[in-house]
Amino acid sequence: MRQTAGSLTEAALEKQQASMRSGMNCTAYDWLGAHPIADGQFTGTRFAVWAPNAQEVCIICDRTFWKHGGFYLNSSNEGVWTGTVPDMQAGEQYKYSIRTHAGNIIEKCDPYAFAAEHPPKTASIVSNLGGFTWHDQSWVEQRRRTNWYEKPLQIYEVHLGSWRRPKDGRRYLTYHELADQLVEYCQEMGFTHLQLMPITEYPFDGSWGYQSTGYFAPTSRHGSPHDFMAFVDKCHAGGIGVLIDWVPGHFPTDEHGLAMFDGTSLYEHSDPRQGFHPDWNTNIFNYGRFEVRNFLLSSARFWCDKYHVDGIRVDAVASMLYLDYSRTSGQWIPNRFGGRENLEAIQFLKDMNTMLHGEFPGILTIAEESTAWPGVSRPVYDGGLGFTMKWDMGWMNDTLRYLRRNPIHRRHHQNDLSFRSLYAFTENFVMPLSHDEVVHGKHSLLSQMPGDQWQMFANLRLLLGYQALLPGKSLLFMGAEIGQWTEWNHDAELDWALTGIDTHAGIKRFVKDINHLVIEHPALHERDCTHDGFAWIQADDAANSVYAFCRFAKDGKETLVVVLNMTPIPRDGYGVGVPLPGYYREILNSDAWMYGGTDVGSGGGVQSKPNPMHGRAQSIELTLPPLGISVFRHEPQAPAAMNGAKTTT
């Protein structure tokens, strides 16, 4: 006998369903999906799923022996199937069993599920997100008042499954274990934010989370939804922000996922010239459908709302902006004006940023966008896409290409590093050294550096120091801070044993010190996004491969001078023009012995002299360490007693 699930008759449901085909509904997770009910009169779970082309939809679970024909849902004019299953409780697994228009039976996980089984199992899990007590009210209030353009932002990118593993290596660390260890580590190392590679549930470990099937479910690899809430809450208690990677650009073709959800191309375009991504063998969302836009907008809002995350980094934005991305002539369809711009995706990104910044002041939205698309991090009202910041992929490519060169050849490529100044303030930039630079045969950052072992470590310190000291915010992928030799492996933890070796311990200490330097010195963060916080002193000394620049705090309260020697030759008596007369105290030297260097430096600081140089009335005479970066802080007067130390940090 057909058993029919109870109907949903709330007036609110009718209003929500009416919003499916028009307007913007960013809270669809409040009514679509599985929602436990226990109101004293009825106990069970309410279900709602969008499947407009299905002939019938039912819930399958243990009680139906996972066979079609158990708890049928009721259809509606909007294509949403609804119903309640009596006595179904949080923790029970379920799927939707759908009879397609062609008469086939397909089984799908819930697009709006709050939890899912541990892969390779694929069932959704009824979950109640209520009942968790948050303790981060002061953090959220402070975030609301924070101007991140003027605050230090040192981001540590982490893949939770391979940062650390338990000693036996047979399981993942739980969210609770990760919180205990990661918060303390970030505090020690001077990272202000964690950026988690995608934690939205995904079936294949090798996708690293970038092919998601659960846009509302934190991966069960590390625990339950409440466990992830506790992770975020503990990060906030420790003063660490949490960003998550989010992937609205494409989704996998797994049979239990969004692909051909009701037997038709529902979430994706039916034409592969629009709906299939050739690079990743994935489907592309149909941003022109209100139901799909609302699904993605709701997902973006969900993580800020229910999990208090501090922002999202949106993956592969360039692939969303261009209809011909990775396609040749004849493989793509122009927009209605004959152009290559994906107008629907562009509008979606603008709507997403407008909604998130309006509802959650102080959160960050960061775009991974690799082209010259204008205004990615400019407000929507000013013609931009509305992101807070954008990854500076040009800086990453130019800098790595330069530092991979043998120092003897760098004199011929001086403009590789100075070129950034032409566009440095056209966007609000994050300079990334991400997981993308240490996979697919590229080797680790340390292994990409040229020269003998000493030069490789010195070049890595140059790279990491240059990243932190330029205008812009910084992102570093895990493992670089300990000088890992091997390429990142998502199936194993980082090689933490290296930290017991002096050279690797020196890299770790250097990253720690330079992160804290950025935090403690306003000249290194207050004007990251404005041109008046930076000035070149020397950018064209190709013969010596030397660069020098100034960083300025607001209101003239601090001036720093940064000098880089990109060769292994120490340079004694090197003159550098400076903006102010006074004493220039050496506050960081990457060649200090504690970092594994040779301890060449400028004796702790130098007094300026009225010798004009580099267009400035004053100059200082320095000893430049080999493959070294030195930072000097201006002080109006020299200290009363010089201690004669060779270097200082």
- Query: So which of G238, G209, G249 is on the phi > 0 side of the Ramachandran plot and either in contact with a Phe, Trp or Tyr (Cβ under 9 Å, 6 or more places away or on another chain) or not hydroxyl-bearing (S, T, Y) (or both)?
  - Reply: G209
- Task: For G358, indicate whether it is within 22 Å of G311 (Cα to Cα) and assigned to a loop (DSSP other than H, G, I, E, B).
- Result: no
- Query: Just one of the numbered conditions (1) among the aromatic types (F, W, Y); (2) surrounded by 23 or more Cβ atoms within 10 Å (Cβ to Cβ); (3) over 26 Å from W593 (Cβ atoms) is not true of F457; which one?
  - Reply: (3)
- What is the one condition in (1) surrounded by 23 or more Cβ atoms within 10 Å (Cβ to Cβ); (2) within 40 Å of the chain's Cα centre (by Cα); (3) of a type outside the set (S, T, Y) that G44 does not satisfy? (1)
- Is there any pair linking a residue in the range 622-635 that is assigned to a strand (DSSP E or B) to one that is surrounded by fewer than 24 Cβ atoms within 10 Å (Cβ to Cβ) and of a type in the set (S, T, Y), with Cβ under 8 Å and at least six apart or on different chains, and which? L622/Y574; T623/Y574; L624/Y574; I629/Y466; R633/T559; H634/T559; H634/Y583; E635/Y583
- Message: Is it the case, given these coordinates, that K108 is touching a Phe, Trp or Tyr at 6+ places or on another chain (Cβ under 7 Å) and over 30 Å from T530 (Cα atoms)?
- Response: yes
- Within the range 405-460, count every residue that is in contact (Cβ under 8 Å) with a residue 60 or more places away in the chain, over 30 Å from G161 (Cβ atoms) and not in a helix (DSSP H, G or I). 5
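Residue by residue, here is whether (1) touching a helix residue (DSSP H, G or I) at 6+ places or on another chain (Cβ under 7 Å); (2) in a strand (DSSP E or B) holds:
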site: G577; (1), (2): no, yes
site: L588; (1), (2): yes, yes
site: D599; (1), (2): yes, no
site: V606; (1), (2): no, yes
- Task: Go over the candidates P36, P52 one by one and state the one that is part of a strand (DSSP E or B) and under 25 Å from A217 (Cα atoms).
- Result: P36
- Mind checking whether some residue in the range 120-136 is on the phi > 0 side of the Ramachandran plot, out of contact with any Lys or Arg (no Cβ under 9 Å at 6 or more places or on another chain) and either touching a residue at least 12 places away in the same chain (Cβ under 8 Å) or in a strand (DSSP E or B) (or both)? yes
- Please work out if G214 is in contact (Cβ under 8 Å) with a residue 60 or more places away in the chain and either over 20 Å from the mean Cα position of the chain (by Cα) or closer than 20 Å to L364 by Cβ (or both). no
- Query: Are there any pairs, at least 6 apart or on different chains, whose C-beta atoms fall under 9 Å, with the first in the range 226-247 and free of Cβ contacts under 8 Å to residues at least 60 places away in the same chain and the second among the basic types (K, R), and if so, which?
  - Reply: I240/K234
- If we scan the range 286-300, do we find a residue that is surrounded by 18 or more Cβ atoms within 10 Å (Cβ to Cβ), among the aromatic types (F, W, Y), modelled with pLDDT of 95 or more and outside any helix (DSSP H, G or I)? yes
- Within the range 592-633, considering residues that are aliphatic (A, V, I, L, M) and in contact with a Phe, Trp or Tyr (Cβ under 7 Å, 6 or more places away or on another chain), the one farthest from G506 (Cα to Cα): I620
- If you go through the range 536-543 one residue at a time, do you hit one that is under 25 Å from W391 (Cα atoms), surrounded by fewer than 17 Cβ atoms within 10 Å (Cβ to Cβ) and at pLDDT 95 or above? yes
- Can you pull out the residues in the range 51-68 that are touching a Leu at 6+ places or on another chain (Cβ under 9 Å) and over 19 Å from T122 (Cβ atoms)? P52, N53, E56
- Filter the range 309-344 for residues that are in contact (Cβ under 8 Å) with a residue 60 or more places away in the chain and either in a helix (DSSP H, G or I) or in contact with a His (Cβ under 6 Å, 6 or more places away or on another chain) (or both); the one that is farthest from G386 (Cα to Cα) is S319
- From V57, V80, residue being more than 35 Å from the chain's Cα centre (by Cα) and at pLDDT 95 or above: V57
- Selected residue [surrounded by 23 or more Cβ atoms within 10 Å (Cβ to Cβ), touching a residue at least 12 places away in the same chain (Cβ under 8 Å) and farther than 21 Å from L160 by Cβ] from L524, L476, L517: L524
- Item | Residue check, I98 outside any loop (DSSP other than H, G, I, E, B) and surrounded by fewer than 21 Cβ atoms within 10 Å (Cβ to Cβ) | no
- Task: Sort through G375, G338 and tell me the only one that's of a type outside the set (D, E, K, R), within 22 Å of the chain's Cα centre (by Cα) and on the phi > 0 side of the Ramachandran plot.
- Result: G375
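The values are calculated or read from the model by the stated rules, or taken from the named source; none is laboratory data. These figures come from a predicted structure and were not determined experimentally. Using ideal geometry, Cβ is built from the backbone for each residue, glycine included, and neighbour counts are taken over all protein chains shown.
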